[in-house]
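Read the structure below first, then the notes.
The values are calculated or read from the model by the stated rules, or taken from the named source; none is laboratory data. These numbers come from a predicted model, not from an experiment. As a convention, Cβ positions derive from the backbone with ideal geometry for all residues, glycine included, and neighbour counts pool all protein chains shown.
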Amino acid sequence: MEAKATLKFARISPRKVQIVADIIRNKPADKAMAILKHTPKAACEYLEKLLKSAMANAENNQQMDVSKLYVSEITVGPGPILKRIRPRAHGRAYHIYKRTSHVTLVVREAE
């Protein structure tokens with residue numbers, strides 16, 4: 001039994017999310033939530049909300065015991081890139097790439 005939650009088009013670079021995702025992978029859900037609350041990274045806000053959603057899905061849709069849940073899989077992939085242009089000296093233009101992320105989080109019940 002597993003429960004899944006996905007976050008698409010998050011306005012944060014996948015690289016930044018991957019750092020925090022590696023920390024909470026294979027941790028119990030309650031411990032992962034505590035780590036996310038006390039880690040000073042921008043990605044924690046997104047992942048905390050996503051973990052809450054996955055836990056709620058497990059409890060309400062799959063009738064799993066919330067106290068036995070752990071983060072079994074968490075995958076981070078790139079979404080579409082928003083391309084912007086910044087004017088520079090002598091009529092030049094610099095490109096700014098505003099990256100987005102797609103995150104999938106899966107929780108399972110420990111035996």
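What pairs come up if the first residue lies in the stretch 15-34 and is closer than 20 Å to E59 by Cα, the second is modelled with pLDDT under 95 and in a loop (DSSP other than H, G, I, E, B), and their beta carbons are under 8 Å apart, counting only those six or more places apart or on different chains?
P28/A110
Can you name every residue in the stretch 81-111 that is within 30 Å of M33 (Cβ to Cβ) and either touching a Ser or Thr at 6+ places or on another chain (Cβ under 6 Å) or basic (K, R) (or both)?
We begin by selecting, within the stretch 81-111, every residue within 30 Å of M33 (Cβ to Cβ); these are 98-111.
Selection gives K98, R99, T104, V106, R108.
Considering only the stretch 73-106, state which residues are in a strand (DSSP E or B), crowded, with 17+ Cβ neighbours inside 10 Å and small (G, A, S).
Result: S101, single match.
Would you pick out the residues in the stretch 69-90 that are out of contact with any Lys or Arg (no Cβ under 7 Å at 6 or more places or on another chain) and either of a type in the set (V, I, T) or over 23 Å from D22 (Cβ atoms) (or both)?
The answer is T75, V76, P80, K83, I85, R86, P87, R88, A89, H90.
Just checking, does the stretch 32-50 include any residue being within 28 Å of Y97 (Cβ to Cβ), in contact with a Cys (Cβ under 6 Å, 6 or more places away or on another chain) and surrounded by 14 or more Cβ atoms within 10 Å (Cβ to Cβ)?
Initially, the stretch 32-50 is screened for residues within 28 Å of Y97 (Cβ to Cβ), giving 36, 39-50.
Adding the requirement that they be in contact with a Cys (Cβ under 6 Å, 6 or more places away or on another chain) leaves 36.
If we keep only those that are surrounded by 14 or more Cβ atoms within 10 Å (Cβ to Cβ) as well, we get 36.
Looking through the stretch 32-50, at least one residue is within 28 Å of Y97 (Cβ to Cβ), in contact with a Cys (Cβ under 6 Å, 6 or more places away or on another chain) and surrounded by 14 or more Cβ atoms within 10 Å (Cβ to Cβ).
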